[in-house]
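J.: This is the structure I have questions about; it appears just below.
The values are calculated or read from the model by the stated rules, or taken from the named source; none is laboratory data. These numbers were taken from a predicted model, which means no experiment stands behind them. Note that we place each Cβ from the backbone using ideal geometry, even for glycine, and neighbour counts take in every protein chain shown.
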Amino acid sequence: MPEAPDRSWLSDPTYRSWRERIQTHILPALESSGANCMLVSDRGDPDIDYAVELGLTILLDKPLIVVSAPGAHIPQRLRRAADRVIEIDLMQPGAREELGRAVNDVLDGIDVEDDDGG
């Protein structure tokens, strides 16, 4: 008979605190949002918080707006999951306004009556 997996990490205080933050802050914020705008960084290893938020966005069927610096690597599957990919240098004058307009364009295009997946 195979040995049962070690699940002691489930009672680790750090994990429990992280899980509580996800359940009490991140999940409710995503549930009440019209869309999720996520910044892409191609520096270093993937961030677990980013991955969880991305997964929840998809599972909640929220529109996903991916924002990256021009020329940054965006994985192809992330591009396909995104409702809109915006490549923009946020340090340039007027960039935040341009980003705001793009986000509003995505939100304006949401079919509210089809929000139930049907």
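J.: Can you find even one residue in the range 93-102 that is acidic (D, E), without any contact (Cβ under 8 Å) to a residue 60 or more places away in the chain, more than 25 Å from Y15 (Cβ to Cβ) and assigned to a loop (DSSP other than H, G, I, E, B)? So that I can check it myself, show each step before the final result.
T.: In the first step, residues of the range 93-102 are kept if they are acidic (D, E); the result is 97-98.
Subset that is without any contact (Cβ under 8 Å) to a residue 60 or more places away in the chain: 97-98.
The next check asks that each one be more than 25 Å from Y15 (Cβ to Cβ); those that pass are 97-98.
Among the residues that remain, those that are also assigned to a loop (DSSP other than H, G, I, E, B) are: none.
Checked against the condition, which is being acidic (D, E), without any contact (Cβ under 8 Å) to a residue 60 or more places away in the chain, more than 25 Å from Y15 (Cβ to Cβ) and assigned to a loop (DSSP other than H, G, I, E, B), the range 93-102 yields no hits at all.
J.: Separate question: Looking only at the range 1-39, filter to residues that are in a helix (DSSP H, G or I) and of a type in the set (A, V, I, L, M); which one of those is farthest from the chain's Cα centre (by Cα)?
T.: Selected residue: L10.
J.: Could you please let me know if A72 is over 15 Å from the mean Cα position of the chain (by Cα), in contact (Cβ under 8 Å) with a residue 24 or more places away in the chain and exposed (fewer than 15 other Cβ atoms within 10 Å of the Cβ)?
T.: Numbers: over 15 Å from the mean Cα position of the chain (by Cα): yes; in contact (Cβ under 8 Å) with a residue 24 or more places away in the chain: yes; exposed (fewer than 15 other Cβ atoms within 10 Å of the Cβ): yes.
So A72 fits the description; yes.
J.: Follow-up. Can you tell which of D49, D61, D42 is closer than 22 Å to I26 by Cα, out of contact with any strand residue (DSSP E or B) (no Cβ under 6 Å at 6 or more places or on another chain) and outside any helix (DSSP H, G or I)? Break it down into steps so the answer makes sense when it comes.
T.: Details: D49 fails: outside any helix (DSSP H, G or I); D42 fails: closer than 22 Å to I26 by Cα.
Just one listed residue meets the conditions, D61.
J.: Among the residues of the range 22-41, is any farther than 28 Å from L90 by Cα and modelled with pLDDT of 90 or more? Walk me through how you get there before you give the answer.
T.: Our first condition is that a residue be farther than 28 Å from L90 by Cα; within the range 22-41, this holds for 23-24.
If we keep only those that are modelled with pLDDT of 90 or more as well, we get 23-24.
Taking every residue of the range 22-41 in turn, at least one turns out to be farther than 28 Å from L90 by Cα and modelled with pLDDT of 90 or more.
J.: Still on this structure, please answer the following. Among the listed residues I48, I65, I74, I26, identify the single one that is within 23 Å of D108 (Cα to Cα) and of a type in the set (V, I, T).
T.: Working: I48 fails: within 23 Å of D108 (Cα to Cα); I74 fails: within 23 Å of D108 (Cα to Cα); I26 fails: within 23 Å of D108 (Cα to Cα).
It is I65.
J.: Okay, moving on. I want to confirm something. Restricting to the range 39-61 and keeping residues that are hydrophobic (A, V, I, L, M, F, W, C) and closer than 21 Å to R19 by Cα, which single residue is surrounded by the most Cβ atoms within 10 Å (Cβ to Cβ)?
T.: Pass one, the range 39-61, residues hydrophobic (A, V, I, L, M, F, W, C): 39-40, 48, 51-52, 54, 56, 58-60.
Retained after the next criterion (residues that are closer than 21 Å to R19 by Cα): 48, 51-52, 54, 56, 58-60.
Values: I48: 9, A51: 10, V52: 15, L54: 19, L56: 17, I58: 12, L59: 9, L60: 12.
Among residues in the range 39-61 that are hydrophobic (A, V, I, L, M, F, W, C) and closer than 21 Å to R19 by Cα, the one surrounded by the most Cβ atoms within 10 Å (Cβ to Cβ) is L54.
J.: Can you find a residue that is in contact with a Ser or Thr (Cβ under 7 Å, 6 or more places away or on another chain), modelled with pLDDT of 90 or more and more than 27 Å from E20 (Cα to Cα) anywhere in the range 87-99?
T.: Here is the first cut: in the range 87-99, the residues in contact with a Ser or Thr (Cβ under 7 Å, 6 or more places away or on another chain) are 87.
From what is left, the residues that are modelled with pLDDT of 90 or more are 87.
Remaining after also requiring more than 27 Å from E20 (Cα to Cα): 87.
The answer is yes; a qualifying residue exists.
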